[in-house]
1. Taking just the C-alpha trace of the stretch 174-291, give me its Rg and Dmax in Å.
2. For the chain, go through all pairs of different Cα atoms, get the mean of 1/r, take its inverse, and jot down that Kirkwood value in Å.
3. Name the aspartates and glutamates eligible as straight-distance cross-link partners of Lys31: C-alpha to C-alpha under 18 Å, and not fewer than 8 places from it in the same chain.
4. So how do 8-14, 337-343, 164-170, 97-103 stack up, highest first, on mean other-Cβ count within 10 Å?
5. Where a Cα-Cα gap under 16 Å defines reach, which aspartates and glutamates qualify for Lys285, not counting those fewer than 8 residues away within the same chain?
6. Highest mean first, how do 26-35, 311-320 rank when packing is the count of other Cβ atoms within 10 Å averaged over residues?
7. With an 8 Å Cα cut-off and a minimum separation of 6 or more residues, compute the relative contact order for the chain in percent.
8. For Lys152, go through the aspartates and glutamates and keep the ones whose alpha-carbon is under 13 Å away, minus same-chain ones fewer than eight residues off.
Amino acid sequence: ENRLSTWALNISPSPTLAVDAKAKALKAAGKDVCGFGAGEPDFDTPQFIKDACVKALAEGKTKYIPAPGLLELRTALADYYIGKKGLKNIDFSNIIVSPGGKFSCYLAIMAAISPNDEVIIPAPYWVSYPEMVKLAGGKPVFVYAGDESDFKITPAILETALTEKTKMVILTSPSNPTGAVYTREELKAIVDFAAKHDIYILSDEIYESLVYDGVEAVSPASISEDAQSRVIITAGFSKSYAMTGWRLGTICAPDDIAKAVAKLQSQTCSNATTFAQYGALEAMKRPDLAKEALEKMLVAFDRRRLMFYNGLNSIKGISCRRPKGAFYVFPNISSFGMGSVDFCSKLLDEELVAVVPGSAFGSEPNIRFSYAVSEETIEKGLERLARFCSKL
Ligand code: PLP
């Protein structure tokens, strides 16, 4: 008899963290590794946000608060969704502050998905969605949109996976791992599909602030009143404010889902860290300072993005779509006739370059580089990759 639960046995460990662990072990052994596995900004949290947190700590803001979060922060977030994202008629009660964007996704799925419900997950997908759906007892159903369609699914593609058990589709725009960003028109078509078949959209907008080439990260919830009634937005402070370690995520949801999420959170983790929420509140209260810090990150990310985009496309055998958001490039390496896992493991062994195989995201022809690293590392990594490919 097995000592572990079906949940524990069913779930796979995070493959992105595994690559990172191997790269770190090589580094610790003194090897000159170029690591492109990281999923976090290589910038420090802006000082004014840290100061507000320190002040809160000094003032004794160290106790429980209501499970859904600081009222002021939830109100500021509701105002943000109305003013900046175009949502209507919401207030603090539609917002929950959770311990991280990842937990926000988990809570949203737990609030909407029952055993045997089906959730359509467009691949390439973020690695945690299928596992979260399984933890809710649901069934992940995959559809695929590769390089040729700019990694974006359409209603026609969704239709192929639809059954009477379909309850939700998950959208990530801007996307990890592809960097693709859906336009308002593309989202409208998907929202119409969701309305026609009465399904939820889980819209993971954690990378909403990291967009380039003048594109806008539109929320599907802003498209219509009906859309707002079926879209659950998850987001957070990790990527936009370089606050990954603070563990602060958000959920913006219709009344019934928001209430359910608050209830689930109250029985699992209670409130996200109290003094951390005061730091996040300051980020919302000082959009001028937040914008200044964000602009600095964006200038650096944009330069690196173009270095990668141009550098990868100049290597024979590699083709790379131009990402519009987040901080990843997702080139196609299928011309070498190797699986993505073999390619990545050989690349790490021979050239000490750590990247994540596309198979981890449900896309065998690709590999993922994070450009949350220095320009020197990108230059060195590209040189090594070019040498590696020339020998294949
Ligand atoms: N959603 C996506 C698509 C992500 O890439 C990540 C982090 O890598 C998250 C959610 C979770 O972010 P957090 O660190 O806030 O839990």
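Nothing in this text is a laboratory measurement; each read-out follows from the coordinates by a stated rule. Keep in mind it's a predicted model, so treat the numbers as computed, not measured. Because the Cβ atoms are built from the backbone with ideal geometry, glycine has one as well, and the counts that use them run over all protein chains shown.
1. Cα radius of gyration and Dmax of the stretch 174-291 are 15.6, 43 Å respectively.
2. So the Kirkwood estimate lands at 21.6 Å.
3. Asp20, Asp349, Glu350, Glu351, Glu376, Glu379, Glu383
4. 97-103, 164-170, 337-343, 8-14
5. By straight Cα distance, Lys285 reaches Asp51, Glu72, Asp79.
6. Descending packing order for the listed peptides: 311-320, 26-35.
7. About 23 percent, as a whole number.
8. Glu185, Glu186
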